[in-house]
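The values are calculated or read from the model by the stated rules, or taken from the named source; none is laboratory data. Fair warning: this is a prediction, and the values are worked out from it, not measured in the lab. Ideal geometry is used to build each Cβ from the backbone, glycine not excepted, and the neighbour counts take in all protein chains shown. Surface areas here come from the heavy atoms of the whole protein model, side chains and all, with no ligands, DNA or RNA. Shrake-Rupley method; radii C 1.70, N 1.55, O 1.52, S 1.80 Å.
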Amino acid sequence: MPDNVLRKVWAYFDALGGYWPITYRDDEEARVARLRGFGVRRYTSLFYAHRPGMAAWLNDWATGFAAGHPDCLHSATFYPEPEARDYVPAAIAAGARVFKAHVQVGGYDPRDPLLDAAWGALADAGIPVVVHCGSGPQPGEHTGPGPFGEVLRRHPGLTAIIAHAGTPEYTAFLDLAERYPGVHLDTTMVFTRFTERKAPFPADGYPRLKDLADRVLLGTDYPNIPYPYVEQLDALAGLGLGDDWMRGVLHDNATRLFDL
């Protein structure tokens, strides 16, 4: 994220009184270097707009960041505003490979008519969009599977990656993934001890997760996580879903989805 935005995110977590300490509070280039040191070959820069007039300048920043960091997938975002009809196709034309929508922080309804053209442009272009629409860590007026499920009914060809696997509504978002072939799940913070204490993944969901082996992607929320990066990888390995499943989550699925 741009530095001024990231510092506001850190301030939010700091205000929680130690519940969510930021493990990787470094400068930008140190964070990038650490990812490379971890062996991460490609990564995203997932930011999001929470008010009108914010998305366009975030997208401009991301264009420059991706140009200077070729291992970062050119990322973009949007917000329900009239300008989204124009800047979403413009971002796609400029080379954006992935978008982020944060229904909870943005406080908007994903079914807003002002977003219909944006969802349609993404579906037509086959550009994946990471959508935080689950009700964790705190529910919002438009979180949960219902509102975004209606978006998928309008745009069944949309390639959507459900952030945090839809925490805590795991079962309902597994249902959406089984219903729509373009719906994927990311693993961000799921299965870690931190999340399992508050929102444990249901035991009957593991076989379904294995059946969706080609549509589960590694997500971490690095650097804004309250534990070391490796805990996410250990948690995934601890599921015992097999080497092929792990290889898909950590590498093959993203390679296919983003044509890397």
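The helices (runs of 4 or more DSSP H) falling completely within region 201-252 that include 1 or more residues that are of a type in the set (Lys, Arg) map to 206-211, 243-247. Asp14 fulfils the conditions (1) farther than 30 Å from Asp252 by Cβ; (2) open to solvent by less than 60 Å² (accessible area, probe 1.4 Å) except for a single criterion, (2). Scanning region 149-159 for residues that are buried (at least 16 other Cβ atoms within 10 Å of the Cβ) and in contact with a helix residue (DSSP H, G or I) (Cβ under 7 Å, 6 or more places away or on another chain) turns up Gly149, Val151, Leu152, His155, Leu158. Would you check if Arg41 is in a loop (DSSP other than H, G, I, E, B) and more than 24 Å from Leu115 (Cβ to Cβ)? Taking the combined requirement at face value, the residue satisfies it. Among the residues of region 209-252, count how many are open to solvent by less than 50 Å² (accessible area, probe 1.4 Å) and either among the β-branched types (Val, Ile, Thr) or touching a helix residue (DSSP H, G or I) at 6+ places or on another chain (Cβ under 9 Å) (or both). So the count comes out to 25. The set of residues in region 190-208 being within 21 Å of Pro139 (Cα to Cα) and open to solvent by less than 10 Å² (accessible area, probe 1.4 Å) consists of Val190, Thr192.
Within region 21-37, identify whether any single residue is in a loop (DSSP other than H, G, I, E, B), out of contact with any Cys (no Cβ under 6 Å at 6 or more places or on another chain) and surrounded by 17 or more Cβ atoms within 10 Å (Cβ to Cβ), and answer yes or no. Lay out the reasoning, then the answer.
So the first thing to find is which residues in region 21-37 are in a loop (DSSP other than H, G, I, E, B), and the list is 21-27.
So of that shortlist, the ones also out of contact with any Cys (no Cβ under 6 Å at 6 or more places or on another chain) come out as 21-27.
Next cut, surrounded by 17 or more Cβ atoms within 10 Å (Cβ to Cβ) only: none.
Checked region 21-37: no residue is in a loop (DSSP other than H, G, I, E, B), out of contact with any Cys (no Cβ under 6 Å at 6 or more places or on another chain) and surrounded by 17 or more Cβ atoms within 10 Å (Cβ to Cβ).
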